[in-house]
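This report concerns only the one structure given below.
The values are calculated or read from the model by the stated rules, or taken from the named source; none is laboratory data. A quick note: this is a predicted structure, and the numbers were derived from the prediction, not measured. When we count neighbours, we look across all protein chains shown, and the Cβ atoms used for this are built from the backbone with ideal geometry, even at glycine.
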Amino acid sequence: MFLDYVKEKEANMKKKLISLLMAALLVAAGPLSQVKASGVSSLDLQAFESVEINEAIKANVIRNASKASESTPTTITDNKNGTITVKYDNTEAAKVVVQVVRTGSDVKYNYYLSEGVVKEVIPLTDGNGDYVIYVCKNIVGTKYSVVANSTVTLDLEDESDVYKIANIIVDYTTTNKAIKKADSLCKKLKTDTSKITKIYKYVVQNYAYDYGKVSAVKETVGYIPSIVQTFKAKMGICYDIASLYAAMCRSQGIPAKVVTGYCKTVDGLHAWNEVYDQTKEKWYIIDCTADIAYYAANKSVSMKKSSKVYYAEEYYH
């Protein structure tokens, strides 16, 4: 009897050890390389669409993830202004994505988090209503598990206000040189129309398209533009240029979207801006990247583009 009791205790101990080992493996799963960079490509967007949330192991991962990062717990905070702030401890450099799902629609978009203790502002850009936010960690391949989630209800008096705020794609502070430049350009201007035009001319006349960067971006999953880098280099791909222009406009209180989709005059996925002129109460399509090329070729071009040529099929940021 005593021997049977000992064997039973040993068997139970082995089961517990195996269970603990499996939980640890789930927490540790995922690639060891994810770097916050700058831009977008069709490859990135295909990767975004392939994200799968594995609900089957959701509860187990949440429990173990919280144990693994007790000093910096994962939080999702509603900023009450059309954005949320996600804080996540990614010191292990795993592939982590924030997925935003608009309840009752097909809208679903994703943002990859960088290495370290990350604090990012994520925009909610599909208008007022309910959103479900998931923080997901890669397990293997395109399989992701949920480590935290929250439901947020957006109820803005003016839905365009979200496009006046810095976020993970249009990431800036008042101390950035690009924003100080916008302040200088617009200091004596009174209307949105004049400010929109002044910033547009500055970007088109002083920046270049970075052809060498395109191939590198295609190898980067979750490419995110850096306004600081773009301003310093005075060049970038379309996503960089659109992000910079949006930041400079937003810093002046002008709603500005970064849009990705397709244009009849550009091959492949493209990025541009939609800017709201509060003086005239109109949204304008503005493509600084295309006009940089026209300006370099000494060709005249209109700042305001036609909606018949541009098709927003992917995301607004």
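One residue alone among 85, 77, 175, 153 is assigned to a loop (DSSP other than H, G, I, E, B) and hydroxyl-bearing (Ser, Thr, Tyr), and that residue is 175. Taken over the stretch 268-315, the criterion of being basic (Lys, Arg) and under 27 Å from residue 107 (Cα atoms) is satisfied by 282, 305, 308. Within the stretch 297-312, the set of residues being in contact (Cβ under 8 Å) with a residue 12 or more places away in the chain, in a loop (DSSP other than H, G, I, E, B) and among the hydrophobic types (A, V, I, L, M, F, W, C) comprises 303, 309.
Looking at the stretch 123-130, is at least one residue in a helix (DSSP H, G or I) and surrounded by 14 or more Cβ atoms within 10 Å (Cβ to Cβ)?
From the stretch 123-130, those in a helix (DSSP H, G or I) are none; that's our starting set.
No, there is no match, as no residue in the stretch 123-130 is in a helix (DSSP H, G or I) and surrounded by 14 or more Cβ atoms within 10 Å (Cβ to Cβ).
Applying the set (1) farther than 21 Å from residue 224 by Cβ; (2) outside the structural domain of residue 241 (by TED's automatic domain parsing); (3) touching a strand residue (DSSP E or B) at 6+ places or on another chain (Cβ under 8 Å) to residue 196 leaves exactly one unmet item: (2).
For the stretch 246-301, what are the residues that are β-branched (Val, Ile, Thr) and surrounded by fewer than 19 Cβ atoms within 10 Å (Cβ to Cβ)?
Selection gives 265, 266, 279, 301.
Taking the stretch 178-217 on its own, how many of its residues are in a loop (DSSP other than H, G, I, E, B) and more than 22 Å from residue 295 (Cβ to Cβ)?
Our first condition is that a residue be in a loop (DSSP other than H, G, I, E, B); within the stretch 178-217, this holds for 187-191, 207, 210-212.
Adding the requirement that they be more than 22 Å from residue 295 (Cβ to Cβ) leaves 187-188, 190-191.
Count: 4.
A count restricted to the stretch 251-268 and to residues that are under 18 Å from residue 198 (Cα atoms), small (Gly, Ala, Ser) and touching a strand residue (DSSP E or B) at 6+ places or on another chain (Cβ under 9 Å) stands at 1.
In contact with a Gly (Cβ under 6 Å, 6 or more places away or on another chain), among the aliphatic types (A, V, I, L, M) and buried (at least 20 other Cβ atoms within 10 Å of the Cβ) - does that describe any residue in the stretch 71-89? Steps first, answer last, please.
Within the stretch 71-89, the first condition is being in contact with a Gly (Cβ under 6 Å, 6 or more places away or on another chain), and the residues that meet it are none.
No, that holds for no residue.
Within the stretch 265-282, residues that are within 19 Å of residue 308 (Cβ to Cβ) reach partners that are among the basic types (Lys, Arg) with beta carbons closer than 8 Å, at six or more positions or on different chains, in the pairs 272/305; 273/257; 274/257; 275/257.
Among the conditions (1) farther than 23 Å from residue 191 by Cβ; (2) in contact with a strand residue (DSSP E or B) (Cβ under 7 Å, 6 or more places away or on another chain); (3) modelled with pLDDT of 95 or more, residue 240 misses just one, which is (2).
Within the stretch 131-178, the only residue that satisfies the criterion of being crowded, with 20+ Cβ neighbours inside 10 Å, over 22 Å from residue 277 (Cα atoms) and assigned by TED's automatic domain parsing to the domain that holds residue 224 is 168.
Name the single residue, out of those in the stretch 88-121 being of a type in the set (D, E, K, R), under 22 Å from residue 155 (Cα atoms) and part of a strand (DSSP E or B), that is modelled with the lowest pLDDT.
So in the stretch 88-121, the residues of a type in the set (D, E, K, R) come out as 89, 92, 95, 102, 106, 108, 115, 119-120.
Next, from what is left, pick out any that are under 22 Å from residue 155 (Cα atoms): 102, 106, 108, 120.
Now restrict to residues that are part of a strand (DSSP E or B): 102, 108, 120.
Values: 102: 93, 108: 87, 120: 96.
Going through the qualifying residues, I end up with 108.
Take the stretch 246-269 and flag every residue that is under 16 Å from the mean Cα position of the chain (by Cα) and part of a helix (DSSP H, G or I). Residues satisfying the conditions are 246, 247. Filtered by the rule that a residue be closer than 16 Å to residue 230 by Cα, in contact (Cβ under 8 Å) with a residue 24 or more places away in the chain and surrounded by fewer than 20 Cβ atoms within 10 Å (Cβ to Cβ), the stretch 179-192 gives a lone residue, 181.
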